[in-house]
Amino acid sequence: MKFYSAQDYQPRLEKMVSILIPELKAVLPNSRIEHMGSSSIAGAVSKGDLDIFIGVSKDRFEESLKAIKTLGFKIKEDTLRTDSLCVLTTLLFNQDVAVQLVRDGSEFEDFLRFRDLLNQDASLVQKYNELKLSSVDLDEAAYRLKKSAFIEKVLTQK
């Protein structure tokens with residue numbers, strides 16, 4: 001697994017965010033749309049992918065899913081899918097880009113809470129970076145388990 005320092009990927013992804021979020025807002029005008037994931041955390045090491053959070057009410061979830069698909073996104077296979085979360089991806093940017101469609105008030109709003117906690121505490125970012133850099137030789141499943149345990153620990157301690 002390859003990881004990049006913040007200065008090697010964040011400026012490029014910020015440009016993509018400035019293009020993608022307005023496109024998403026055009027088809028989902030009454031939704032919360034926010035940059036999330038490592039690329040939204042100052043100084044965070046990353047695999048260089050981009051994640052966008054879209055929060056919608058329960059009654060708008062399915063219609064929002066259809067709207068996102070009109071922009072060239074497809075439901076990501078082999079990932080968690082519930083009535084409160086749907087992950088979609090696109091290859092339109094020649095970049096790993098994912099959108100997390102999240103039902104308002106669900107536990108998946110923790111994506112934003114985790115981002116905010118790290119942006120408020122540089123020591124947590126340092127620990128998160130150390131976790132990632134020590135995971136270079138792990139397979140994807142082992143890395144996800146290790147990362148999930150860290151995220152859970154941060155969320156329960158704050």
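Confirm whether Ser106 is hydroxyl-bearing (Ser, Thr, Tyr), modelled with pLDDT of 95 or more and under 17 Å from the mean Cα position of the chain (by Cα).
Yes: the conditions hold for Ser106.
Take segment 44-67 and flag every residue that is within 29 Å of Met1 (Cα to Cα) and either buried (at least 17 other Cβ atoms within 10 Å of the Cβ) or of a type in the set (A, V, I, L, M) (or both).
Those that are within 29 Å of Met1 (Cα to Cα) and either buried (at least 17 other Cβ atoms within 10 Å of the Cβ) or of a type in the set (A, V, I, L, M) (or both): Ala44, Val45, Ser46, Gly48, Leu50, Asp51, Ile52, Phe53, Ile54.
Here is a check on your reading of the model: is Lys2 surrounded by 14 or more Cβ atoms within 10 Å (Cβ to Cβ), modelled with pLDDT under 95, within 20 Å of Arg144 (Cβ to Cβ) and among the basic types (Lys, Arg)?
For Lys2, the condition - surrounded by 14 or more Cβ atoms within 10 Å (Cβ to Cβ), modelled with pLDDT under 95, within 20 Å of Arg144 (Cβ to Cβ) and among the basic types (Lys, Arg) - is not met.
List, please: which pairs have Cβ atoms under 9 Å, are six or more places apart or on different chains, and start with a residue in segment 122-138 that is surrounded by fewer than 16 Cβ atoms within 10 Å (Cβ to Cβ) and end with one that is outside any helix (DSSP H, G or I) and of a type in the set (D, E, K, R)?
Note: pairs meeting the criteria are Val136/Lys2.
Based on what the data block shows, is Ile75 closer than 21 Å to Val17 by Cβ, touching a Cys at 6+ places or on another chain (Cβ under 9 Å) and in contact (Cβ under 8 Å) with a residue 12 or more places away in the chain?
Answer is no for this residue.
Looking only at segment 93-107, count every residue that is part of a strand (DSSP E or B) and within 19 Å of Phe61 (Cβ to Cβ) and tell me the total.
6
Would a scan of segment 89-104 turn up a residue that is in contact with a Phe, Trp or Tyr (Cβ under 8 Å, 6 or more places away or on another chain) and surrounded by fewer than 17 Cβ atoms within 10 Å (Cβ to Cβ)?
So far as segment 89-104 goes, no, none of its residues is in contact with a Phe, Trp or Tyr (Cβ under 8 Å, 6 or more places away or on another chain) and surrounded by fewer than 17 Cβ atoms within 10 Å (Cβ to Cβ).
With Leu117, Leu155 as the choices, which residue is buried (at least 16 other Cβ atoms within 10 Å of the Cβ) and touching a Leu at 6+ places or on another chain (Cβ under 9 Å)?
Selected residue: Leu117, the only one of Leu117, Leu155 that is buried (at least 16 other Cβ atoms within 10 Å of the Cβ) and touching a Leu at 6+ places or on another chain (Cβ under 9 Å).
The values are calculated or read from the model by the stated rules, or taken from the named source; none is laboratory data. Quantities reported herein were computed from a predicted structural model and do not represent experimental measurements. For neighbour counting, all protein chains shown are included, and Cβ atoms are generated from backbone atoms with ideal geometry for every residue, glycine included.
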